[in-house]
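Worksheet: one structure, shown below.
Just so it is clear, none of the values below were taken in a lab; they were calculated from the coordinates. Everything quoted here is computed from the prediction, not taken from an experiment. Glycine also receives a Cβ, built like all others from the backbone with ideal geometry; neighbour counts cover every protein chain displayed.
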Amino acid sequence: MLISFTVENYRSFADEQTLSLEAVKDDAHSDHVVDCGRFSLLKTAALYGANASGKSNLLKAIKFMVAFVKLSATKMNLGDSIRDANGFRLDKARVGTPCSFDIRLLFDGTEYQYGFSATKERVHDEWLYITRKGTRATNPLSRCFDPSTGKTEWKLRGELKGAKDITEKTRDNGLFLSRAAEMNVDCVKELFSWFMGRFRYLNLALPSGWLMEQTARRMEKDDMFRTRVENLVHHADFGIDGLSIGTESLVDALKNKFGPTNLPKEVLTKLASMVSVNVRRRFKVQTVHKLPRSDETVEFSLENDESNGTQRFFGIIGAVLNAFDRGDLLVVDELDCSMHPHLTYKLVEMFQSAEANPKGAQLVFATHDTNLMTPALFRRDEIWLTEKKVGGGTELFSLAEIESKPRKDDGFEKHYLAGRYGGVPAFGPALEDLGVQ
């Protein structure tokens, strides 16, 4: 489970800011907290804030860290730029200084704290701390680049003491963790496995076709999963009584979507063959509707006939069930996009439910839907705000941290919109003084 994530000098984040899922002392919604021995961890965190205040940038920071760990050893070549290492640009003193990312994770009583700093040109620092159940923290990995000498100092201790050969095979623009995992080092297997398969990032403001495809793909392979998806879609009040899954070749899918083309079929086939084998066969999802006062049914195309909200729910529910099955972290930008507030509310409730989410999957999401901002759904430490500071950098804080801490039964939404907590836009006279031209 995620304990915390810290970012510094990345996009709108100038100073170090931390999102923590450690529960504070609070007797509200005790079922939202997973008892992990030394830690009590939350299953949800909601991000609110004005447009351009940094909500999406925080989620992008987590996404970038995960992607770089996954790909730096296998997809990066010598001399490649670390393209997404985008530092804070409103302070000239920070130009050229590295972005920094740090994550703390807990698996079966073992805590990992791992992080790195990097510019577009190279990794500067990398560190790893491991605290196993009943033992003190160890620091098996420390990497530090000195710009004045152009040299990197490595310190490998304990479980990594004999791994000097890995440092020699780690490129300046790559991570030791990624290389060590590639070389099957036991010490990092569990941690690297989380980066590889226990994290999912979604942006629901983007077209939902790929996400729907992923849900449909698993439905075809797993009958139990299919039943669960059909049940949730049916009970979401879309008027859908069933789902039908079919397939078509990528060539036919292109023709159906974009109409006739002047390109010969052999050219289209050649283009399709250049695509990954996994996507050459496209899934078609049909929704089944009963005719009023009849047992007859009619099928609709999910992609062409159903609403955007229906499509997004079908897409995200597959990712949600995957997270529940494994206890993963799901990070979602624009969770409320095209969906009714009551439906978004239910998705959050599913994560907080011990019955629906027995393995403690976690949901971190950004939203503008203030209907969710209620003590009936969230504890104070589950609601986070982003706000631009005077220098343009993002400040991140929870309702449990602000000086005028709200009571746990306050009307969070009302007070937030009134500006009592911060995290709301401060309009200029062109919008405030609408009678003045």
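General remarks:
- Label-reachable residues, region 1-35, where backbone N falls under 12 Å from a point 7 Å from A93's Cα toward its Cβ: 15
- Toward the positive end of the charge dipole of the chain, with +1 on the Cβ of Lys and Arg and -1 on the Cβ of Asp and Glu, the farthest Cα among T374, F107, T149 is that of T149.
- Applying D = kT/(6 pi eta Rh) to the chain, where Rh is the Kirkwood radius over alpha-carbon pairs, T corresponds to 4 °C and eta to 1.567 mPa s, the Stokes-Einstein value obtained is 54 µm²/s.
- From most to least packed by mean Cβ count within 10 Å, the peptides 418-428, 117-127 give 117-127, 418-428.
- For region 19-76 and region 145-219, distance of Cα centres in Å: 18
- Relative protection proxy for 385-393, 91-99, 16-24, from highest mean packing down: 16-24, 385-393, 91-99 (other beta-carbon atoms within 10 angstrom).
- Quarter of Cα convex hull surface for region 171-238, i.e. mean projection, nm²: 7.7
- Mean Cβ count within 10 Å, highest first, over the residues of peptides 71-83, 333-345: 333-345, 71-83
- Normalised by 2.2 N^0.38 Å, where N is the number of residues, the C-alpha radius of gyration of region 86-165 stands at 1.30.
- For region 338-426: relative contact order, % (alpha-carbon pairs under 8 angstrom, 6 or more apart): 22
- Distance in nm between pseudo-label sites at D305 and E355 (7 Å out along the Cβ direction from Cα): 3.4
- Extreme residue, positive dipole direction of the chain, given options V320, S72, A430 (C-beta unit charges): S72
- Computed extension gain for A418 through D15, at 0.36 nm per residue and net of the alpha carbon distance, reaches 142.4 nm.
- Under 5 Å between amide hydrogens, built in the peptide plane, is the criterion, and for C36 it picks out L41 among residues at least 5 positions away or on other chains.
- Candidate lysines for bridging to K70, where Cα separation is under 22 Å - those fewer than 8 sequence places away on the same chain excluded: K60, K120, K164, K169, K189
- Residues whose amide H falls under 5 Å from that of N86, counting only those 5 or more places apart or on a different chain, are R11, with hydrogens built in the peptide plane.
- In this calculation the C-beta distance from D26 to L71 is compared with R0 = 35 Å, giving a FRET efficiency of 0.35.
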